[in-house]
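Everything on this sheet refers to the single structure shown next.
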Amino acid sequence: MKRILFFTVLAGLFAACNKDKFKTVPQVSVTSFGPGEVVKGQIITWKASVTDKEGDVQDSVIFYRKIFNATTDVLLSTDSSVRGTLATFGIPSKTQEFELQLQLSYGEQVDGYQLQNNGSGVDRKLSIGVYVKDKAGNRSEFAESGKILLKKI
């Protein structure tokens, strides 16, 4: 009798753990951002994983770039100049799980990459965040990377 009870409880726990692999509201987590210190001409790569139960994230992928003072970490500026849809990133619609990747060239234009320019003559720090919105209007929480150092140009 104890065995039956044990296996019943174990089966119930197993079923509960596997119940919702994905959630209705899109989930985003930054998986990598680097290199940690960037000099002129280097490529900055940012990656995040995204999940959505319905697979209807198509409408909005909005990136925010935040620039900080390198010594005091005071936020100097924020912009959302990189926006797109899943098609922009080559991801088919109705995808429940995918990876976003954004690549920027630092300090000089490199073919095929968007330019990130420090332009201030002093070191700065950069972080990149994103949120996604699905067709139903569900918006993920804002997911932000750690900071990397942009060496003065």
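Among what's in region 90-119 and is farther than 16 Å from Gly41 by Cα and either part of a loop (DSSP other than H, G, I, E, B) or among the aromatic types (Phe, Trp, Tyr) (or both), pick the residue that is modelled with the highest pLDDT. Looking at residues that are farther than 16 Å from Gly41 by Cα and either part of a loop (DSSP other than H, G, I, E, B) or among the aromatic types (Phe, Trp, Tyr) (or both), I get Phe98.
Selection of region 32-42 for residues being under 19 Å from Val130 (Cα atoms) and assigned to a strand (DSSP E or B) yields Ser32, Phe33, Gly34. Pick out the one residue from Val50, Val61 that is under 14 Å from Ser140 (Cβ atoms), touching a Pro at 6+ places or on another chain (Cβ under 8 Å) and of a type in the set (A, V, I, L, M). Every option except Val50 fails the conditions.
Scanning region 114-131 for residues that are aliphatic (A, V, I, L, M) and exposed (fewer than 14 other Cβ atoms within 10 Å of the Cβ) yields a total of 2.
Among residues of region 84-96 that are over 16 Å from Phe63 (Cα atoms) and free of Cβ contacts under 8 Å to residues at least 24 places away in the same chain, those with a beta-carbon under 9 Å from a residue that is in a loop (DSSP other than H, G, I, E, B) and of a type in the set (A, V, I, L, M, F, W, C) at least six positions away or on a different chain give the pairs Ile91/Val57; Pro92/Leu86. Do the conditions hold for Thr24, that is, is it within 25 Å of Asp134 (Cβ to Cβ) and among the polar types (S, T, N, Q)? Yes.
For region 61-99, the candidate set comprises residues that are surrounded by fewer than 16 Cβ atoms within 10 Å (Cβ to Cβ) and among the basic types (Lys, Arg); within that set, the residue that is farthest from Leu150 (Cα to Cα) is Lys94. Can you find a residue in region 47-54 that is of a type in the set (S, T, N, Q), at pLDDT 90 or above, more than 23 Å from Leu115 (Cβ to Cβ) and out of contact with any strand residue (DSSP E or B) (no Cβ under 7 Å at 6 or more places or on another chain)? No, there is no match, as no residue in region 47-54 is of a type in the set (S, T, N, Q), at pLDDT 90 or above, more than 23 Å from Leu115 (Cβ to Cβ) and out of contact with any strand residue (DSSP E or B) (no Cβ under 7 Å at 6 or more places or on another chain).
Applying the criterion of being over 17 Å from Glu37 (Cβ atoms), modelled with pLDDT of 90 or more and not charged (D, E, K, R) to the residues of region 132-153, the residue that is surrounded by the most Cβ atoms within 10 Å (Cβ to Cβ) is Ala143. The selection criterion, being modelled with pLDDT under 75 and surrounded by 14 or more Cβ atoms within 10 Å (Cβ to Cβ), holds for Gln58. Would you please name the residue that is farthest from Gln103 (Cα to Cα), looking only at residues in region 67-82 that are of a type in the set (A, V, I, L, M) and assigned to a loop (DSSP other than H, G, I, E, B)? The qualifying residue farthest from Gln103 (Cα to Cα) is Val74.
The values are calculated or read from the model by the stated rules, or taken from the named source; none is laboratory data. On a predicted model such as this, the values are computed, not experimentally measured, just so you know. Glycine gets a Cβ as well: all are built from the backbone with ideal geometry, and neighbour counts include every protein chain shown.
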